[in-house]
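Following: one structure in structure tokens, then a few remarks.
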Amino acid sequence: MRSSWAIQMTSTIVLTFSLVLLGIIFSFIKSSRYAAMKSQQNVKLEVFFKEDLKPEIDFEWMNQIKSFPEILNISFLSQEQAKEEFKKMMISSFGSLTEEASLLSRLPSSVSIQFQEGVSAETKKIKVDEIVNLAKQITTYDGYVYQQDWANWLASFTIKAEKGMMFLGLFIFLIFFLIISNVIRSQVVHKQNEIEIRSFLGATIWQIEKPFIINSIFLGILSSLLAISFLVTGISFLKQNIQPRSDMISSEIILAPNLFETFFVMLVVVSISAWAARVCVRERVYL
Amino acid sequence: MIELCHVYKTYPGAIHALRNVDIHIKKSEFVFITGPSGAGKTTLFRMLAGFDQPTSGKLQVAGFDLNKLTTLQKPYFRRKLGVVFQDFKLLKDQTAIENIAMPLVIRGEKKSRSLELASVFLQKVGLENRQDIKTESLSGGEQQRVALARAIIHQPDIILADEPTGNLDQERSEEIMNLLEFCTQSGMTVLVTTHDSDLVRRRKQRIISIKNGEVVRDGRA
Ligand SMILES: Nc1ncnc2c1ncn2[C@@H]1O[C@H](COP(=O)(O)OP(=O)(O)OP(=O)(O)O)[C@@H](O)[C@H]1O
Ligand SMILES: [Mg+2]
């Protein structure tokens, strides 16, 4: 009986570990999907100018762009503001600012243009060309950056990652099944004599397998609860301690599984446990 | 209640444990099965209890056709039987009273009620002062009586007792036989195997003798 407890304990730990892994995979998929969605939504066009724009002269260009129905927002960042932003980023990333005067003096001013939600990628592309062509008429025009490519890359990466992770998740469920089977199988062997006697006295297969099924469901629930508490602690720790670098990498994009998803996974875990116990008992009991 | 027609049982290695056995037993009958060691008595019981299939022949017990017994039916067929196994088959790490209560618990009776009734049957086999002792610490004869009490507590249709007096002195044996004969009065059919020819002679019951797997005699003493 004591060795049976040792087996149950170690397997609970391994089961918990595998479920934590599953939770990490799940959060990773969810977060990268969310990040892809956000970046697709927030795709920006940035047009750079060698010198600050003069509102009196370039007012019309800005207004013209603002009047496009596809545009949500347009904002101007002067060279001075760009310098401040750059300094802030350097400090938050490296802790100190190495004064690179030559670099700072070369920072351009920029106009950042944000599209409305729900505008298709093709329409955006057409608008980008249109806006850039208008900008080229301004003498200080210095080039542009359009983030759609990055968003596309992230989207295709997410799809690939999701497939890989799904496979890994199924693999973890398989491992889970095998571990629980081993625990139950060792118990069945241990109680072979009792099982045989009970069946001779007229116990049905359900009466015989019930205690084993209850035990394996208990193991499944215990390890999922442990795994959930580890995950919740881990994710909240991560969220508190992450260094926001930009709007892309912030604590906001780390998503924990929600209540419904947790419940669903637990349901799967419980079903796998019950099924494993059933298989193990039935492969060894002949009525 | 029990019908065997041309039943054969052959084990691998051409061991003919039963040959052309024809036995018909009516409800409430008391029958001794005798024969030398290795004659096939336990084999016959195993088949009557549905633990084993005959190689050929027809077998009907308690209204069940054992040739066509499905896995789902088996437990319900076994609930009609009370079996005393030659090797007892008790749960060693459980107490005498828990062992005796088992058939009732399996039939869905409440634990407390089952234990209550079990203590009555413990008394019937003279073990009231052994109630809470694990069966592994009981003597052979005591274990045998626990096995008997377990076989009759649920008032089965048929009692199959394989050597129920093998480990008992004469006085105890007579008591146990009285108890088994008493069971037939409440409608149970009782089959008992034994080597004890004196005991059989005294009882004046139907005797079926088996030798080398064949029925060599069927009648009263
Ligand atoms: N599973 C088995 N495989 C092979 N042979 C077996 C098996 N079970 C029983 N036998 C053989 O069948 C024959 C009858 O055995 P059985 O146990 O029925 O005898 P028995 O009449 O009960 O003897 P005893 O009085 O010693 O209990 C024996 O020769 C035995 O060796
Ligand atoms: Mg025998």
_What do you get for the angle between helix A:148-190 and the principal long axis of chain A? Use alpha-carbon atoms, 0 to 90 degrees, nearest ten._
10 degrees
*Count charges around A:E80 for me, please; just the other residues with Cβ under 15 Å from its Cβ, Lys/Arg as +1, Asp/Glu as -1.*
+2
*Where does each of B:70-82, A:78-90, A:16-28 land if you order them by average Cβ count within 10 Å, highest first?*
A:16-28, B:70-82, A:78-90
*Whole-Hz ³J(HN,Hα) from phi, Karplus 6.51 cos²θ - 1.76 cosθ + 1.60, for segment A:120-126, glycine and proline x*: 6, 4, 5, 4, 4, 4, 4
*Near A:E70, within a Cβ-to-Cβ distance under 9 Å, what is the net charge of the other residues, with Lys and Arg +1 and Asp and Glu -1?*
+2
*asked:* Can you find, among A:F26, B:P54, B:V200, the residue sitting farthest towards the positive end of the charge dipole of the protein assembly as shown, where Lys and Arg contribute +1 and Asp and Glu -1 at Cβ?
replied: B:V200
*For chain A, calculate the relative contact order in percent as a whole number, restricting contacts to Cα pairs under 8 Å that are 6 or more residues apart.*
32 percent
*Averaging sequence separations of C-alpha pairs under 8 Å and six or more residues apart, then dividing by the length of chain B, give the relative contact order as a whole percent.*
29 percent
*Order by neighbour count: B:M47, B:M1, A:M166, fewest other Cβ atoms within 10 Å first, most last.*
A:M166, B:M1, B:M47
*At what distance in nm do the modelled label points of B:K111 and A:I172 sit from each other, each positioned 7 Å from its Cα along Cα→Cβ?*
3.8 nm
*Relative packing of peptides A:214-220, A:61-67 - highest average C-beta neighbours within 10 Å first*: A:214-220, A:61-67
*What's the local net charge at B:S137, with K and R +1, D and E -1, over the other residues with C-beta under 10 Å away?*
+1
*Tell me, what is the FRET efficiency for A:S112 and A:L225 to the nearest 0.05, using R0 = 45 angstrom and their Cβ-Cβ distance as r?*
0.45
_Helical mean residue ellipticity (222 nm; -39500 (n - 2.57) per DSSP H run of 4+; nearest 500) of chain B_ = -10000 deg cm²/dmol
*With r as the distance between the Cβ atoms of A:V232 and B:Q123 and R0 = 51 Å, compute the FRET efficiency 1/(1 + (r/R0)^6) and round to 0.05.*
0.30
*Taking the Cα atoms only, what angle lies between the long axis of helix B:96-106 and the longest principal axis of chain B, rounded to 10 degrees?*
60 degrees
*Can you tell me how much longer the chain between A:K50 and A:Q207 gets when fully stretched, taken as 0.36 nm per residue apart minus their C-alpha distance, in nm with one decimal?*
48.3 nm
*asked:* Just want the ordering: B:K111, B:K41, A:K124, from fewest to most Cβ atoms lying within 10 Å of their own Cβ.
replied: B:K111, A:K124, B:K41
*What is the mean number of Cβ atoms from other protein chains located within 10 Å of the Cβ atom of each residue in peptide B:93-103, rounded to a whole number?*
1
*Considering only DSSP beta bridges whose two residues both sit in the protein assembly as shown, what percent are antiparallel, to the nearest 5?*
70 percent
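Read the figures in this text as sums done on the coordinates, not as results from a lab. On a predicted model such as this, the values are computed, not experimentally measured, just so you know. Glycine also receives a Cβ, built like all others from the backbone with ideal geometry; neighbour counts cover every protein chain displayed.
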